[in-house]
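Below is one structure, written out as structure tokens, with a few remarks after it.
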Amino acid sequence: MKQVQLAITCRCGRSERVQLGPVWSCPQCGSEWDTSQVPAEEYQAYGRAVRRVQLLSLSGVLVCAVLTALLALLVSPALLPVGIVLLGVWYFWYLPTHRKQIKRLYETLPRWEIAPSDSNHNVDPAS
Ligand SMILES: [Zn+2]
């Protein structure tokens with residue numbers, strides 16, 4: 001299953017999208033960011049919310065398809081165009097709502113502050 005990616009913004013300003021888990025080294029300044037410092041529970045809860053919205057959208061198409069198949073099989077094949085109407089309703093009515101949900105989700109993206117693991121290297125050895 002596709003995981004939600006993390007966007008890391010380095011102290012030097014470089015920003016990159018990474019998967020949760022491995023240590024990411026900034027190619028610009030060499031800072032190492034340990035993504036395992038991100039609270040896995042919060043991160044997974046967010047991933048679940050995204051998947052739920054995606055699943056809802058997919059189930060909308062499935063419901064349309066199943067309803068159309070049932071109508072065509074049980075009532076009359078002449079009712080097949082109803083399926084096209086249903087898909088149209090789904091496309092024009094549901095999809096905009098779905099896009100708003102996705103947009104809202106991304107607007108409420110959680111943020112975590114993690115410390116780069118090479119911070120010790122920056123300490124002046126003379127002090
Ligand atoms: Zn950097």
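Read the figures in this text as sums done on the coordinates, not as results from a lab. Everything quoted here is computed from the prediction, not taken from an experiment. Note: ideal-geometry Cβ built from the backbone for every residue, glycine included; neighbour counts use all protein chains shown.
What residues qualify as long-range amide H neighbours of Ser117, i.e. H under 5 Å apart, gap of 5 or more or another chain, H built at 1.01 Å from N?
Glu32, Trp33, Asp34
Ignoring the sites themselves, what is the longest stretch of the chain with no trypsin sites (Lys or Arg not before Pro) in a DSSP loop and at most 11 other beta-carbon atoms within 10 Å?
Free of exposed loop sites, the longest segment is 3-110.
Relative to the present Cα-Cα distance, how much length would full extension add between Ala40 and Glu16 at 0.36 nm per residue of separation?
That works out to 6.7 nm of additional length.
Run the simple label-point estimate for Leu105 and Ala49 please: 7 Å along Cα→C-beta, distance reported in nm.
Placing both labels 7 Å along Cα→Cβ, they lie 1.0 nm apart.
What percent does the relative contact order of segment 5-126 come to when contacts are Cα pairs within less than 8 Å and at least six residues apart?
Over segment 5-126, the number comes to 25 percent.
So what J values fall out for segment 21-30 if you push phi through Karplus, 6.51 cos²θ - 1.76 cosθ + 1.60 with θ = phi - 60°, rounded to Hz, Gly and Pro as x?
Here the 3J(HN,Hα) series is x, x, 7, 9, 9, 5, x, 8, 10, x Hz.
Using the number of other C-beta atoms within 10 angstrom as an exposure proxy, rank Trp90, Trp33, Trp24 with the fewest first.
Ordered by Cβ neighbours within 10 Å, fewest first: Trp90, Trp24, Trp33.
Of Pro22, Val50, Thr9, which is farthest on the positive side of the dipole of the chain, counting Cα position, with +1 on Lys and Arg Cβ, -1 on Asp and Glu Cβ, and the Cα centre as origin?
Value: Val50.
Starting from the Kirkwood Rh over alpha-carbon pairs, what translational D in µm² s⁻¹ does the chain have by Stokes-Einstein at 20 °C and 1.002 mPa s?
Rounded, D is 117 µm²/s.
Compute, for the chain, the length of the dipole vector about the Cα centre, with Cβ point charges of +1 (Lys, Arg) and -1 (Asp, Glu) only. Units Debye, rounded to 20.
720
List Glu107, Glu16 from most exposed to least, where exposure is judged by having the fewest other Cβ atoms within 10 Å.
Lowest count first: Glu107, Glu16.
Show that you can apply the helix-only estimate: for the chain, add -39,500 (n - 2.57) for every DSSP H stretch of four or more residues, divide by all residues, and state [θ] at 222 nm to the nearest 500.
-14500 deg cm²/dmol
With point charges of +1 on the Cβ of Lys and Arg and -1 on the Cβ of Asp and Glu, referenced to the Cα centre of the chain, which listed residue (Leu71, Ser36, Leu95) lies farthest in the positive direction of the dipole?
Leu71
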